[in-house]
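Report on one structure; see the data block that follows.
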Amino acid sequence: MSDFNTDIGPLLADIVEEAGRLVLPLWKSGLTVHSKADDSPVTEADRRGELLILERLETHFPGVHVISEEDASEFGTPDAVGERFFLVDPVDGTKAFVRGDPNFTVNIALIERRRPVAGAVCAPASGETWYTQGSQAMKRVVGEAGKPVQARAWAKGAAVALVSHTMKEDTLKALADKYGFNATSAMDSSIKFCRLAEGAADVYPRHGPTMEWDIAAGQAVLEAAGGSVLTPEGEVFVYGKADEKFRNGWFVARGK
Ligand SMILES: Nc1ncnc2c1ncn2[C@@H]1O[C@H](COP(=O)(O)O)[C@@H](OP(=O)(O)O)[C@H]1O
Ligand SMILES: [Mg+2]
């Protein structure tokens with residue numbers, strides 16, 4: 001839970017949902033797709049969603065530093081960051097968004113002293129939002145009240161791993177041997193953390209690159225649901241890696 005005087009998770013949920021309502025009509029609409037320096041796609045939805053989120057954060061949390069994906073890809077990341085800042089990814093799973101797949105998300109996380117302490121993730125296409133509320137993880141579906149969610153204990157003999165579409169076949173085999181899961185399901189975006197948080201799967205091993213804004217909100221939700229995100233060596237996963245341009249190392253996210 002964050003150091004702010006009020007619990008900010010529900011407010012972050014409102015903001016990701018508002019941004020979700022803005023980007024959803026652009027899904028499948030064929031609006032221009034540009035390429036970033038690393039060749040990953042960026043859409044008009046990324047830009048519009050980010051503008052809205054930055055405006056809302058400035059209104060509610062004036063002066064708190066925000067590091068956001070599109071801004072970083074255009075202007076670069078700062079050389080140093082303070083103890084408290086927001087990480088924003090307006091459309092995570094941009095490739096899914098572009099190919100008309102529903103597994104794309106809007107993400108905001110608050111980082112304090114290098115750890116994600118509050119967060120919200122919205123999947124606009126399915127109308128689902130997961131967020132922290134105090135030390136709990138909550139889920140709400142459009143038009144319904146939020147309900148607490150919990151990660152599940154390892155489903156022995158039927159453990160499901162969620163993996164990125166970018167994972168290669170031989171890496172997947174090595175990870176199955178290492179972590180002992182029984183089935184896999186490939187999906188884009190931070191929704192993988194949310195499926196773990198609501199007890200629908202057991203592990204998300206990521207032996208490949210991500211950026212801090214891709215995963216911080218998902219980690220906040222998953223940890224509040226009783227799960228974990230650690231390095232493959234079992235160490236704490238930290239944020240604010242300015243000297244590495246906010247790039248993450250490998251990690252493994254788990255339920256209970
Ligand atoms: N080579 C690379 N370097 C850094 N990050 C990468 C990357 N390839 C993929 N990613 C990150 O992984 C995210 C997608 O994860 P997944 O494969 O689980 O959907 C991307 O988010 P965006 O879709 O917001 O660009 C991107 O930030
Ligand atoms: Mg992303």
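What residue, among those in the stretch 224-240 that are in contact (Cβ under 8 Å) with a residue 24 or more places away in the chain, touching a Gly at 6+ places or on another chain (Cβ under 9 Å) and not in a strand (DSSP E or B), is nearest to ligand 2 (Cβ to nearest atom)? This residue is Gly240. Ala201 fulfils the conditions (1) assigned to a loop (DSSP other than H, G, I, E, B); (2) away from ligand 1 (no atom under 16 Å from the Cβ); (3) not assigned by TED's automatic domain parsing to the domain that holds Gly134 except for a single criterion, (2). Scanning the stretch 1-17 for residues that are at pLDDT 85 or above and either surrounded by fewer than 17 Cβ atoms within 10 Å (Cβ to Cβ) or part of a loop (DSSP other than H, G, I, E, B) (or both) yields Phe4, Thr6, Asp7, Ile8, Asp14. Here the condition is being part of a loop (DSSP other than H, G, I, E, B) and either surrounded by fewer than 17 Cβ atoms within 10 Å (Cβ to Cβ) or not assigned by TED's automatic domain parsing to the domain that holds Glu69 (or both); of Ala153, Ala220, it holds for Ala153 alone. Being of a type in the set (S, T, N, Q) and within 30 Å of Asp46 (Cβ to Cβ) holds for only one residue in Ser135, Ser126, and it is Ser126. Scanning the stretch 55-79 for residues that are more than 16 Å from ligand 2 (Cβ to nearest atom) and either closer than 19 Å to Leu12 by Cα or of a type in the set (Phe, Trp, Tyr) (or both) yields a count of 12. Among the residues that make up the stretch 166-189, is at least one of them within 14 Å of ligand 1 (Cβ to nearest atom), surrounded by 14 or more Cβ atoms within 10 Å (Cβ to Cβ), closer than 23 Å to Arg115 by Cβ and not assigned by TED's automatic domain parsing to the domain that holds Gly76? Yes, the stretch 166-189 contains a residue that is within 14 Å of ligand 1 (Cβ to nearest atom), surrounded by 14 or more Cβ atoms within 10 Å (Cβ to Cβ), closer than 23 Å to Arg115 by Cβ and not assigned by TED's automatic domain parsing to the domain that holds Gly76. Residues in the stretch 90-118 that are away from ligand 1 (no atom under 15 Å from the Cβ), on the phi > 0 side of the Ramachandran plot and in contact (Cβ under 8 Å) with a residue 60 or more places away in the chain: Arg114 alone.
The values are calculated or read from the model by the stated rules, or taken from the named source; none is laboratory data. The structure presented is a predicted model; accordingly, all values stated were derived computationally and were not measured. Because the Cβ atoms are built from the backbone with ideal geometry, glycine has one as well, and the counts that use them run over all protein chains shown.
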